[in-house]
Amino acid sequence: MTATTSWELDREHQDFRASVRSFVDRQVRPVVEESERAGRSPAALLKEMGSAGLLGLAVPEEYGGGGGDTVAMVVLSEELARASGGIAVTALVTGYMATPHIARFGTAQQRARSLPGLVSGEKIAAIAVTEPGTGSDVAGLTTRAAPVQGDGEAAEGFRLDGTKMFITNAGIADVFVVAARTSPDGHRGITTFIVEAGHPGLRLGRPLRKMGWHASDTREVVLAGCVVPGDAVLGTPGRGFHQIMSAFQLERLTLAAMGLGHAGECLRAATGYARDRTVFGAPLLSKQVRSGAIFVDSADKAARFITMCDAFNVPLIFLHDVPGFMVGAAVERQGIIRHSAKMITAMASAEVPKFSVILRKSYAAGYYAMCAPGFGPRASIALPTASIGPMAAEASVNAMYARKIGEIGDPGERDAYIGARLAEQRADINLLRLASELVVDAVVEPAGLRAELIARLAGAENWTRGPQRRHHHISPV
Ligand SMILES: Cc1cc2nc3c(=O)[nH]c(=O)nc-3n(C[C@H](O)[C@H](O)[C@H](O)COP(=O)(O)OP(=O)(O)OC[C@H]3O[C@@H](n4cnc5c(N)ncnc54)[C@H](O)[C@@H]3O)c2cc1C
């Protein structure tokens, strides 16, 4: 596969996503519950992943791998995580966090010995860097690797002593990539080693209890007088820190993509439930107060998100489909006013390129506060079916004719009156929709929306912030 520089996946990566999703649905989802209970991912599943080519994207073809670039690895991570974080991290640690060390820095012998089995899923790898006293600060690790003299014909080697913590796959691994200190020289004194499971002096702790990722096996690994031969050194002595840091790039990407997969799955599950669940004779999603409650929560998160995007120079696209805020006093009191105010402030003060897309309805405060030219979008784009107006028809009728409606005692007469006023209001709003085209920069068919946004974002790509200092009215945390 070739790398893509566009905002969307090319055909090959789309096909790859489809085939991984189908694999996940057929092979992974059915075993998630059992794996969570067992506290580990099934060996058979990892072999199936290997056979499907999912564990070797980072390994050269001559060792049985290949066929994928970094984008493919990100797609794989996202799709695996949709089904199970534990199974995903098990596969990703062996395939994309530990194995790449051997693929990139191993000798021909080390590669030939380990890689084919790791690619096929017959073997599992773990990476042991973290220690009880040091995680992010890799240069601070204390596990020692002291040189030992050869005894008679035995080769020279190293004696490893120290404790590794939170090691994913420890209980199922055949191979460990271990980081240890070969000199006291800070980050320049670290070397990585290949240590095989069962090697004398390597001992596993009990599985650690975690809040999630239950289908992954995470343990302490104790190295006590673990003597390894000189040819266990992986890469260049003293360059372990640099090797780890370069491999971390892929780790970070795959872990971030897992987050996307989890979030996508949560959204799918939550909206699916709200749509399918019937309460009081209608889908949960149609209940105004429920929608309002979701909004209260999301407006607060949106305010933080917008501020972070602004802080990190990420352009904002605001997809707008909110018919105003008037959803009930209770919800408003609970925080709609407070949180939406934060969101509006964040949006108005963000200086990154902003785009608003009006999908369906945009009325009242929803329009004026978040979508209108007032907060300075680079472009306001509307779908042809979008309506923009001062108020939704129902809200206008409620507000303007409340007293009259209250005075009509006969329910039939009242409904007829409301119906007639609604028809008038809707006609007005249609007129307003026509007028609204004056405040949108483009009316785009749904099929062309993606291309339109890509083009507009590309136009904003070289945007740089002016020299002025940032003034955030709200805190991002
Ligand atoms: C489920 C699980 C699986 C894991 N699997 C593995 C594995 O397979 N192999 C392995 O080697 N490790 C593994 N880890 C360890 C993981 O890589 C570490 O937890 C991580 O590196 C953070 O280290 P720490 O936990 O010691 O936190 P710390 O480094 O103590 O960080 C604590 C907090 O301080 C923040 N922080 C740290 N430094 C700074 C700084 N300079 N400035 C500002 N804030 C800072 C961090 O962001 C974090 O929020 C795993 C951890 C977990 C929880």
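Please treat every number below as a calculation from the coordinates, not as lab data. For clarity, every value in this text was computed on a predicted model and none was experimentally measured. Cβ atoms come from the backbone with ideal geometry, glycine included; neighbour counts cover every protein chain shown.
Quick rundown of the values:
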read-out	value
Within-9-Å neighbourhood charge of G117 [Cβ basis; K, R +1; D, E -1]	0
Vicinal HN-Hα couplings computed from phi for the range 70-84 (Karplus, 6.51 cos²θ - 1.76 cosθ + 1.60; Hz; Gly/Pro x)	4, 4, 5, 5, 5, 4, 4, 4, 4, 5, 4, 5, 4, 8, 6
Average projected area [Cα convex hull, the range 123-259], square nanometres	8.6 nm²
Ranked by how many other beta carbons lie within 10 Å on average, peptides 268-274, 103-109, 233-239 from highest	233-239, 103-109, 268-274
Restricting the range 96-184 to GluC sites (Glu not before Pro) in coil, as DSSP defines it, with at most 11 other Cβ within 10 Å	E153
Mean Cα-pair separation over length for the range 11-248, i.e. relative contact order, pairs under 8 Å, 6 or more apart, %	21 percent
Amide proton proximity set for H320, modelled H, under 5 Å, gap of 5+	V357, I358, L359
Projected label distance in nm at R26 and R144, using a 7 Å step from Cα toward the beta-carbon	5.4 nm
Added length on full extension, which subtracts the Cα-Cα distance from 0.36 nm per residue, D441 to T271	58.1 nm
Estimated distance in nm for a label pair at T134 and M245, the labels positioned 7 Å out from Cα along Cα-to-Cβ	1.4 nm
Between the range 55-78 and the range 197-255, the alpha-carbon center distance in angstrom	21 Å
Net charge, S35 excluded, C-beta distance under 12 Å - Lys, Arg +1, Asp, Glu -1	-1
Within straight-line cross-link reach of K342, aspartates and glutamates at Cα separation under 13 Å, skipping those fewer than 8 residues along the same chain	D297, D300
Highest average packing first - 31-40, 209-218, 92-101, 51-60, Cβ atoms within 10 Å	92-101, 51-60, 209-218, 31-40
Cut-off 13 Å between beta-carbons: net charge of the residues surrounding T134, Lys and Arg +1, Asp and Glu -1	0
Long pairs among K210/K301; K47/K210; K123/K301; K47/K164; K210/K354, criterion Cα-Cα beyond 31 Å	K123/K301; K210/K354
